[in-house]
Amino acid sequence: MPFVDIRLAGSATREQKAAIVADVTRSLGEHLGKPAAAVQVTIVELSPENYGSGGILVADRAAASPPPAQEVAAADGKR
């Protein structure tokens with residue numbers, strides 16, 4: 001019996017989670033020959049305030065990272 005644990009940083013809708021469960025179940029049936037009834041899928045949603053990477057909380061990343069660089073045209077007007 002396969003057990004699949006999925007952790008998401010943030011959240012997903014019920015419809016998105018249902019699609020993930022269906023896709024994972026179908027994939028294990030196709031690649032491992034497992035019956036759908038044997039596949040167990042757990043989805044855990046982690047709040048960005050409860051998950052850190054690189055020494056900072058994911059929730060704080062947006063505030064800590066600089067804004068994306070803007071594309072600037074060359075003097076001849078070409079990019």
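All of the numbers you see were taken from the coordinates with simple rules; none came from a lab. Since the structure is predicted, the reported quantities are computational estimates derived from the model, not experimental observations.
For this structure, a couple of remarks:
- Amide H within-cut-off set for Val4, under 5 Å, with H built and near neighbours excluded: Gln40, Val41, Thr42
- Applying the Karplus relation 6.51 cos²θ - 1.76 cosθ + 1.60 with θ = phi - 60° to the stretch 55-62 yields 3J(HN,Hα) values of x, 9, 5, 4, 4, 8, 4, 4 Hz, where x marks Gly and Pro.
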